[in-house]
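Before any comments, here is the structure.
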Amino acid sequence: MKYYIHIPFCGSKCAYCDFFSTPGKNDRKRLFVEALDKEIESRVGSPEDVETLYLGGGTPSSLSAGMLGHIISPFLNGDQLQELTVEVNPEDVDAGFADFLRSVSPKIRVSMGIQSLDDTQLSFIGRRHTASGAVNAYRILRDAGISNISLDLIYGLPGQDLDSWKDTLVRLLTLRPEHLSAYLLSYEPKTRLGVMLSKGKVMEASGELAMEMYRYLCDTSRKAGYEHYEISNFARPGFRAMHNSSYWDGSEYIGFGPGAHSFVGGVRGFNHPSLKDYIATAGCGVYEEEQEDEMSSFNDRIITGLRTSEGIPMSILDRYPQAYHEADSLIARGLLKLKDNGCLVIPEHLWLKSDAIMRDLIVVEDF
């Protein structure tokens with residue numbers, strides 16, 4: 001089984017972020033950890049057959065090493081663990097914390113949010129680290145012996161031009177992380193950047209600029225030896241994100257913590273994103289199942305599977321003749337490709353426009 005734990009604390013809210021997070025004083029962190037213990041115990045008892053564990057947020061590295069070690073320890077029983085990912089921010093990384101991460105498990109994988117290597121851009125979007133601080137944090141992790149590191153970038157930032165993006169990407173790839181995630185900035189309505197966009201205080205990157213940045217990302221990463229295996233994810237051979245792949249290939253996973261989602265036994269569910277309620281109910285009164293019919297499940301498979309280089313089996317379209325015929329049309333127009341193994345994929349150069357292609361396959365009523 002794959003497990004996710006949402007750590008809801010952040011030192012500050014980045015201008016683009018719409019994930020659930022909240023400021024974290026020590027007493028709230030302690031109460032959260034106590035509630036998390038009880039949620040895990042009530043839902044799964046002692047976690048078994050743990051294949052992957054992912055600590056996201058929020059900012060997991062905002063917790064002390066002692067708290068993180070306490071949270072992780074119940075998932076280390078058994079010998080099936082293949083990957084243990086902890087998200088960190090550069091400003092939280094020092095030699096002691098890096099040594100702790102390395103000691104947790106030989107399967108440790110660290111995912112660090114850098115976003116940019118331009119100090120002006122970092123300051124504008126509310127990041128608390130500098131470019132030099134991010135590079136230094138990466139080197140500290142390496143010096144501690146951590147051999148599986150993923151770095152996150154965002155492109156299409158306010159004021160970012162193609163040359164600035166090229167500079168950030170080339171400098172980052174020089175570090176040779178095992179994995180790279182690069183996301184086109186999305187202006188979510190309730191974020192600071194979303195509000196600024198609605199008021200005309202910032203401008204969204206043009207479609208042409210975004211496509212130029214994306215092409216450079218794909219070409220440069222490929223030349224550096226990275227596999228482009230999902231719209232926003234690139235990995236050196238053997239270092240694809242095992243846990244995240246479960247979201248795209250239909251695998252089951254269990255999420256703990258406020259705002260976390262789960263998919264078990266074909267049923268999706270989530271914890272309401274409220275730390276106050278989570279603590280008040282000892283982590284046991286905020287989970288709600290989402291009713292999903294066969295058609296919705298089919299659409300989810302389309303949306304997730306076509307994000308990847310693996311694609312989806314053409315055969316799953318048999319249930320919905322209209323989707324099958326639409327796929328034939330998309331293949332004829334070069335918007336989909338049928339691989340020799342019978343799987344449909346969106347060609348890499350069109351991945352940035354994948355939403356429009358997927359939309360033609362989505363079933364809105366049962367035919």
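The values are calculated or read from the model by the stated rules, or taken from the named source; none is laboratory data. These figures come from a predicted structure and were not determined experimentally. Here the Cβ positions follow ideal geometry from the backbone for every residue, glycine too, while neighbour counts run over all protein chains shown. Only protein heavy atoms, including side chains, enter the accessible area calculation; ligands, DNA and RNA are left aside. Shrake-Rupley method; radii C 1.70, N 1.55, O 1.52, S 1.80 Å.
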To the nearest 10 Å², what's W248's accessible area with a 1.4 Å probe? 40
Based on the Cα atoms of the chain, what semi-axes does the equivalent ellipsoid have, where each is the square root of 5 times one gyration tensor eigenvalue, given in whole Å with the largest first? 31, 27, 21
So if I restrict to the alpha-carbon atoms in the stretch 84-147, what is the Rg, and what is Dmax, the biggest pairwise distance, in Å? 12.0, 37
Across 10 Å bins from 0, what is the distribution of all Cα-Cα pair distances for the stretch 136-230, in whole percents? 14, 40, 30, 14, 1
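On a 1.4 Å probe surface of the protein chains, which of H228, H261, H349, H179 comes out largest in accessible area, and what is the full order?
Working: H228 30, H261 90, H349 125, H179 0 Å².
Descending accessible area places them as H349, H261, H228, H179.
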Which values, in whole Å and largest first, are the semi-axes of the equivalent ellipsoid of the stretch 223-338 obtained as the square root of 5 times each eigenvalue of the Cα gyration tensor? 32, 22, 10
Bridge orientation stat for the chain from DSSP, antiparallel percent rounded to 5, came to 40
Coil-residue trypsin sites (Lys or Arg not before Pro) of the stretch 255-339, DSSP, other Cβ within 10 Å capped at 10: R333
Select from the stretch 198-231 those trypsin sites (Lys or Arg not before Pro) which occupy a DSSP coil region and have at most 15 other Cβ atoms within 10 Å, ordered by residue number. K199, K201
So which of K2/K353; K2/K38; K29/K190; K13/K107; K13/K353 end up more than 23 Å apart, counting from Cα to Cα? K2/K353; K29/K190; K13/K107; K13/K353
Sites matching GluC sites (Glu not before Pro) across the stretch 1-82 that sit in DSSP coil, with at most 14 neighbouring C-beta atoms within 10 Å: E48
At q = 0.15, 0.22, 0.26 Å⁻¹, the log10 of I(q)/I(0) for the stretch 1-54 from a Debye sum over equal Cα scatterers comes to -0.56, -0.93, -1.05
At 1.4 Å probe size, with the rest of the protein present, what percent of the exposed accessible area of the stretch 243-367 is carbon and sulfur atoms? 50
If one computes the Cα centroid of the stretch 256-286 and of the stretch 85-155, what distance in Å separates the two points? 28
How large is ³J(HN,Hα) for each residue in the stretch 143-159, as worked out from phi by the Karplus curve 6.51 cos²θ - 1.76 cosθ + 1.60 (θ = phi - 60°), to whole Hz, x for Gly and Pro? 4, 7, x, 7, 10, 9, 10, 10, 10, 9, 10, 10, 10, x, 5, x, x
Counting only heavy atoms of the protein chains, get the accessible area per residue of the chain (1.4 Å probe) and round it to a whole Å² value. 45
From phi via Karplus (6.51, -1.76, 1.60), per-residue ³J(HN,Hα) for the stretch 121-126 in Hz, x at Gly/Pro: 5, 4, 5, 5, 8, x
Counting only protein heavy atoms and a 1.4 Å probe, tell me what percentage of the stretch 45-126's accessible area is made up of carbon and sulfur. 45
Computed on alpha carbon atoms, what radius of gyration and Dmax characterise the stretch 173-294, expressed in Å? 19.1, 52
